[in-house]
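> Starting off with a structure, shown below.
Each value in this text was obtained by applying a stated rule to the coordinates, not by laboratory testing. Quantities reported herein were computed from a predicted structural model and do not represent experimental measurements. As a convention, Cβ positions derive from the backbone with ideal geometry for all residues, glycine included, and neighbour counts pool all protein chains shown.
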Amino acid sequence: MTSPCNDPRLVGLNVYRVGGAVRDRLLGWPVYDNDWVVVGATPDAMLERGFKPVGRDFPVFLHPDSAEEYALARTERKAGHGYAGFQVVASADVTLEEDLLRRDLTINAIAEAADGTLVDPFNGQQDIEQRKLRHVSQAFSEDPLRVLRTARFLARYKTLGFTIAPETLALMGDVSRSGELAYLAAERVWLETEKALGEAQPASYFITLDQCDALSTWWPELVDGVFSDCLDAMALGGNSDALSSADWRYGLLVSPLSETQRESLAQRLRLPNAVARLARHVALTRHLLGEGLSASAVSHWLERLDAWRKPAQVNDQLVLVAVLAPPYVRVLKAAWQAAQQVSPKALMEEGYQGAALGTALKERRYQAIVETLN
């Protein structure tokens, strides 16, 4: 990692590397981004050095060369509901320890000075050694997003042996039962969930939220007797690289739900259209595999996938079939290719037009599927 020691723009500033970069270096985990905190400085001092302000709620600046974030040391006080309900104080009087105190977990509250010295007032290194996710202070409960973040960190680091400290899990339960989670923005909830779905142990995210009574606020459809089925469905992707993205894992997770439940969940989380659509298609494909490859079922599958206008959607689902039911891939590919050979132009040359053309296309495609399956 680069050091601010020789950066002329930082001369005279008290700068520390903080947060994830320090944590992941200590864990031997890949470090991709640096975050910095500047103690004892003012916004004017940063502007004079050419830094570009980007913080809307508190002073954060981008380095003009590296584009890394440099935030002025700050404290926060709860002043409303949800993630954004805080009053922020960023001044030259805020100490490094005061800045670290406002952070969520002890493993995220370690700072590294320019000479490599670690500042660790809340024993984050000890918790890294003991593989514990532990809150820094009772202020943890003031930000409901931290419930989701802690569950997400477990999804990332569980393979290293991490667990959530019992007192932290209890505090997460208190936050969940307080009703504060309902004030989070849906987009923010999905962002945390999407990140968790991309981690090594995504099931840990949902299991943790269930344990601390957070699941029922944003994912009530998962709670109603189908939670285990949903987790089992998500695990069907196994170690397949093709199905390891957050979108695929989400689609598998919600595939045991009814169509009404999936759509309700998509609306509540304000899912991107592509994610909601893929979830519909995954459920459709799993239903096909469950009922068997009859001509009518395959024809319905292709129609629901909008196969004739968007053939890529069929190809995507064939990837899923290859993982879930390999023997079916060859048969479905053959049926799909046979149906594609039915030419609208040839039917028009036979005299079909308008609605009659559409009917004839459907019948000929169905017949092509029947002949292939037989």
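> Using alpha carbons only, how many degrees (0 to 90, rounded to 10) separate the axis of helix 186-197 from the longest principal axis of the chain?
80 degrees
> Which of the chymotrypsin sites (Phe, Trp or Tyr not before Pro) across the range 259-362 are loop residues per DSSP, with 16 or fewer other Cβ within 10 Å? Write down the numbers at each step before the final one.
Numbers: sites: TRP301, TRP308, TYR328, TRP336, TYR352; in loops: TRP308, TYR352.
Answer in residue order: TRP308.
> Over the chain, what relative contact order in percent results from Cα pairs under 8 Å that are six or more residues apart?
9 percent
> Rounded to the nearest 10 degrees, what's the angle between the helix 202-211 long axis and the longest principal axis of the chain, both from Cα atoms, 0 to 90?
So the helix axis and the longest Cα principal axis differ by about 70 degrees.
> Do any trypsin sites (Lys or Arg not before Pro) in the range 307-343 lie in a DSSP loop with no more than 15 other beta carbon atoms within 10 Å, and if so, which? List each step's numbers first, then the result.
Working: sites: ARG309, ARG330, LYS333; in loops: ARG309.
Sparse-neighbourhood loop trypsin sites (Lys or Arg not before Pro): ARG309.
> Taking the beta-carbon count within 10 Å as an exposure proxy, list VAL321, VAL18 from fewest neighbours to most.
VAL321, VAL18
> Quick check on the chain: what are the equivalent-ellipsoid semi-axes from the Cα gyration tensor, as sqrt(5λ), descending, whole Å? Mind showing how you got there, number by number?
Values: eigenvalues 519, 110, 71 Å².
The answer is 51, 23, 19 Å, longest axis first.
> When every alpha-carbon pair in the range 184-300 is counted, what percent end up more than 19 Å apart?
Numbers: 2993 of 6786 pairs.
So the portion of pairs separated by more than 19 Å is 44 percent.
> Let me ask something additional. Using packing as a proxy for protection, rank 278-287, 232-241 so that the peptide with the highest average count of other Cβ atoms within 10 Å comes first.
In decreasing order of mean packing, 278-287, 232-241 become 278-287, 232-241.
> Between the range 222-248 and the range 123-141, what is the separation of their alpha carbon centroids in Å?
29 Å
> Please compare each pair in LYS195/LYS333; LYS310/LYS333; LYS52/LYS132 to a cut-off of 25 Å on the Cα-Cα distance and tell me which ones are over it.
LYS195/LYS333; LYS52/LYS132, as the Cα separations exceed 25 Å there.
> Relative to the longest principal axis of the chain, what angle (0 to 90°, nearest 10) does the C-alpha long axis of helix 273-291 take?
50 degrees
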